[in-house]
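See below for the structure under consideration.
Coordinate-derived values only; no laboratory data. Since the structure is predicted, the reported quantities are computational estimates derived from the model, not experimental observations. Glycine gets a Cβ as well: all are built from the backbone with ideal geometry, and neighbour counts include every protein chain shown.
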Amino acid sequence: MFDRLVGIIGNYVDVEPENIHPESRFMEDLGFTSFDFMSMLGELEDELDVEIDEQEAVNIRTVQEAADYLEKLASEE
Amino acid sequence: MQCSTIREILVYAAEKFGDGDAIRYKVKKDVTESKSYTQLKADSESFSKVLEELGENGHHIAVTGMTSYPWLVTYFGTVNSGSVAVPLDVSLPAEEMCELIDRADVTVFVFDEIRKDVAAIVKERCPKLKYLISMQKETGDEESLSFWELLKKQDGSYAFMPQPDSLCTIMFTSGTTGKSKGVMLTHRNMAENATCLDMKIAERTVILSVLPIHHAYCLSMDILKGISLGSIICINDSLLRVAKNIKLFKLNMILMVPLMIETMAKKLEEASLLPPKIVKHQVFGEQFHTICSGGAYLNPAYIDLFAKYGITILQGYGMTECAPVISTTISWDIRKDSVGQLLPNCEAKSVDGELWVRGSSVMQGYYKMPEETAEALQDGWLRTGDLGYVGEDNFVYLTGRKKNLIITKNGENVSPEELENKLGEQRLVQEILVRENEGVIEAEIFPDYDYVKKKRIKDIPGELQKVIDDYNKTAPAYKKIYSLKVRETEFEKTPSKKIKRY
């Protein structure tokens, strides 16, 4: 899941894949806007065929947290 | 067709567009449902009757929730019964929402169940509140009444004619001193703002409402203007799914804030190796043609970028105090460095560089805040707090800001003092300055080094980050602080001992 996220992050911000780490924070470290972040999750929702809860999504800060959350949703499907 | 009350807009639309779809929304993935103009008017009138039955006509009715059909019915039913609607930001912390309900003298609170946390404490906190109405409950209980049950019982028409100059809506906006202010808007303020300019937008245009409904820009331009044009107003169910919903609802037009336009630009550029026409079809669909931008400054480069794909961006400028549009660009006369032409119901002048406006959309004042009102309104002129001027053909040009407010890219106004006061309560924070930096809210803190010594704190940035993290946990998304700077020296002060901001 982490690698999948690294792949899609590049569509939103200009960061080299080697500079994306599990502890990287979307807004503070990677330069995401809140709407970039929501749109990226929306894209993943389709790709993974899961339903993301917007209220839960706003609490995600790091790439690892996003990977864990998506992993959990995918396993529940 | 210019209307001077919100009821006139709804009656006109129901007569002209009758059984045509007015509001369209998703009920589950890829499945939509619609309500017609006739239904919207009928349900709104039923809600007016509900208020009459409860003995609450003419009182203040607060409504909170994501944009939804019940929200809209509540709004129209309230204002068209001679009552005053108080739309509240659904993301506010519960205590803050209760404070606004109390301060606005609300007697009925209509809420989406996502804010049942507020419903649980609001009666205790707000002694003037009499009724709670849940938008989702199928049957009422001890805690709250059911919106749908009440509506069903009060079927039938309600033909009250509100006066143009009577108060209809109180909208809260960030104050520069940290306390939000209730902007009092009349029927005329809102109805004329939405209908005084013929923007040559075709009737039955399909639009998607993506902005928060408690904002004047969304309520006036998506909803009131949309209804006056017989638009099919589609409701976006989540910010996660804007791109998907644009295609699902087969849109013609959308209102956005710059933050969203920037993300959509990335989506267009992602596929830029393909011919522009194909990219546009993929991202927005063939029938899409216009984006209206407002709420914050938009870099004019985006106007050119979207034009490449056959999409027109119309930029506007306004503030809640002006219901809210002051100027807008029209598709046949775009000047990229301007925020558009003054609306026909608005005049403007520059006073010491500050833009002052006057006209039928200017608010009555701030609710129960005479001092703030006197400061903002002078002889009928509204001091915008923005630096700018009006040029040839009534085009408005902005050059800076006089008032101390952070306008985020999603159009939210944030008072730095509010955040500074909250964080300043922490023992570790001696001095703090909050500002915007590269699109995010940043806090610069001078810690209390005596306290650091006393408590033997080793990792000062780490401890301060914890303070910020604690604050962020309960702050609405647009008030979260994403950048921290730690100072080793005190801030430079003005002669009155205030921190120098610039």
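Miscellaneous remarks
- Under-5 Å amide H pairs with B:Val63, H placed in peptide plane, nonlocal only: B:Val86, B:Leu88, B:Val110
- Looking at the range A:1-57, the GluC sites (Glu not before Pro) that sit in a DSSP loop and have at most 12 other Cβ atoms within 10 Å of their own Cβ are A:Glu23, A:Glu51.
- Among the listed pairs B:Lys35/B:Lys130; B:Lys368/B:Lys403; B:Lys41/B:Lys368; B:Lys244/B:Lys409, those beyond 24 Å (Cα-Cα): B:Lys35/B:Lys130; B:Lys41/B:Lys368
- Across the range B:431-436, computed HN-Hα scalar couplings (Karplus, 6.51 cos²θ - 1.76 cosθ + 1.60, θ = phi - 60°) run 9, 8, 10, 10, 8, 9 Hz from first to last residue, x flagging Gly and Pro.
- In order through the range B:49-62: 3J(HN,Hα) via Karplus (6.51 cos²θ - 1.76 cosθ + 1.60), integer Hz, x for Gly, Pro: 5, 4, 5, 5, 4, 7, x, 10, 4, x, 9, 9, 10, 8
- In chain B, a dipole from Cβ-located charges (positive for Lys and Arg, negative for Asp and Glu) runs towards its positive end, and of B:Ser238, B:Val390, B:Leu129 it is B:Ser238 whose Cα lies farthest in that direction.
- An ellipsoid equivalent to the range B:415-486, defined through the eigenvalues of its Cα gyration tensor, has semi-axes of 21, 11, 11 Å when rounded to whole angstrom and sorted largest first.
- For chain B, the Kirkwood radius over C-alpha pairs fed into Stokes-Einstein at 37 °C and 0.692 mPa s yields D = 137 µm² per second.
- Stokes-Einstein D (µm²/s) once Rh is taken as the Kirkwood radius of the range B:348-465 over alpha-carbon pairs, at 37 °C in 0.692 mPa s: 188 µm²/s
- Stokes-Einstein diffusion of the range B:194-404 at 25 °C, 0.890 mPa s viscosity, Kirkwood radius from Cα pairs, rounded to a whole number: 136 µm²/s.
- Table column - 3J(HN,Hα) (Hz), the range B:75-86, Karplus curve with 6.51, -1.76, 1.60, x for Gly and Pro: 4, 5, x, 6, 5, 7, 10, x, 9, 10, 8, 10
- Cβ-to-Cβ counts within 10 Å put B:Lys280, B:Lys458 in ascending order as B:Lys458, B:Lys280, the fewest first.
- Amide H contacts of B:Leu145 (H built 1.01 Å from N, in plane; Pro and chain starts excluded): B:Leu132, B:Ile133, B:Ser134 sit under 5 Å, all sequence-distant by 5 or more or on other chains.
- In this Cβ point-charge picture (+1 for Lys and Arg, -1 for Asp and Glu), chain B has a dipole of about 1000 debye about its Cα centre.
- The ellipsoid that matches the Cα gyration tensor of the protein assembly as shown has semi-axes, each √(5λ) in whole angstrom, of 35, 29, 27, with the longest given first.
- Three principal axis lengths of the range A:2-76 [C-alpha, angstrom, descending]: 31, 21, 19
- Mean per-residue shielding of peptide A:18-28 is 1, counting Cβ atoms of other chains within 10 Å of each Cβ.
- With the biggest extent put first, the Cα atoms of the range B:1-131 measure 45, 37, 26 Å across the principal axes.
- Between the range B:171-215 and the range A:1-64, the Cα center-to-center distance that results, in Å: 32 Å
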